[in-house]
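Enquirer: Questions regarding the structure given below will be posed in turn.
The values are calculated or read from the model by the stated rules, or taken from the named source; none is laboratory data. Everything numeric here is computed off the predicted structure, so don't read it as measured data. Please note: Cβ atoms are built from the backbone with ideal geometry, for glycine as well, and neighbour counts cover all protein chains shown. Remember, those area values only see protein heavy atoms, side chains included, never the ligands or the DNA or RNA. Shrake-Rupley method; radii C 1.70, N 1.55, O 1.52, S 1.80 Å.
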Amino acid sequence: MDKAVIDWRQLLNTPLFTISSTTVTLLTLLLICLIIVGTMLASRLAQRGVTRWLGSRGTADSGTVSTVARLVHYVILIIGFGSALQTMGISLGTLFAAGAFFAIAIGFAMQSIAQNFVSGIILLAERTIKPGDVLEVEGRVVRVTAMRMRATVARTRDEEDLIIPNSTLVQNTITNFTLRDSLIRIRTKVGVSYGADLRQVHDVLTRAATALTHDAPREPLVLLAEFADSSVVFEVSIWSEDAWASRRTRSDLNFAIHEALRREDIVIPFPQRDVHLFQAADAGGTHSPVSGPTSETKRINER
């Protein structure tokens, strides 16, 4: 029996080959296999633990949970396979130095992909953008439907799917209407004639906006914006909790304002300009009117 034990020890310690002055034996190969199997088991357990932990908190969506689990998987694989290579005698520092040239070449070739990948990790860590958020990206209002490591999928109001590179969301200024809450302000402008009672106009606009948003968390605001060429301009702003329907809400506000002003006989004027017509100057240097002793003034309504 002692002879058998000795034979097994000799077999396990029999040199097979040498790598970087490290002798690889059958025992070394068995240890490497154990490290790889242990790495795979540890990765699976870690992914399950992360999934359960994030799921129990209820603050992360399924896409985020899946992304975090994959990141944990990759990290554990890198650590495990690095340990296996080190056990075999392959120095990771030497390996990285040998592959530095190829890494640089691949880095330049895949610069955009790597940039989007890193941007995806940043978005995942900061959580400033999440699935379901309503954003304004490059002048278009979209709703985020999925977030992946390279790109974010969003849907427009016209039922179009946009594939947005993650670097676009990280490097540019993005309006997130639902980052902290879903409350947004919707504005519109309307002009009334100079002969109108401005206090009355203010009250009419306030009542119209209040009736439209009686259940809003904040009161509407009516401001006298400016004295324009042909009208006095008021700005009416209301609050809404549905950023996705803001265009429809603004249309409803315009309808309510128009109907309220018509009921009170308050005129929304057309742009107007006064044009004075004269004949060319005569020999005495004076201007003659077109007809009659005085100049004729024409009022032109521009529609």
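Enquirer: So what's the range 136-186 giving for Rg/Rh, alpha carbon basis, Kirkwood Rh from the mean inverse pair distance? Please report the intermediate quantities before stating the final value.
Expert: Details: Rg = 11.2 Å, Rh = 11.7 Å.
With Rg and the Kirkwood Rh in hand, the quotient comes to 0.96.
Enquirer: Do any GluC sites (Glu not before Pro) in the range 188-281 lie in a DSSP loop with no more than 16 other beta carbon atoms within 10 Å, and if so, which? Before the final figure, lay out the partial values.
Expert: Numbers: sites: Glu226, Glu235, Glu241, Glu259, Glu264; in loops: Glu241, Glu264.
Within the range 188-281, the qualifying GluC sites (Glu not before Pro) (loop, at most 16 other Cβ atoms within 10 Å) are Glu241, Glu264.
Enquirer: Pick out, in residue order, every one of the trypsin sites (Lys or Arg not before Pro) in the range 188-225 that is DSSP loop and has at most 16 other C-beta atoms within 10 Å; say none if there are none. Provide the component values of the computation, followed by the final result.
Expert: Details: sites: Lys189, Arg199, Arg207, Arg218; in loops: Arg218.
Within the range 188-225, the qualifying trypsin sites (Lys or Arg not before Pro) (loop, at most 16 other Cβ atoms within 10 Å) are Arg218.
Enquirer: Just to verify a number: what accessible area does Ile76 come out at with the full protein assembly present, 1.4 Å probe, Å² rounded to tens?
Expert: Surface open to solvent at Ile76 totals about 40 Å².
Enquirer: Go through the range 187-202 residue by residue and turn each phi into a ³J(HN,Hα) via Karplus (6.51, -1.76, 1.60, θ = phi - 60°); whole Hz please, and just put x for glycine and proline.
Expert: Per residue, the Karplus-derived 3J(HN,Hα) values read 10, 8, 10, 8, x, 10, 5, 5, x, 6, 6, 5, 5, 5, 4, 4 Hz.
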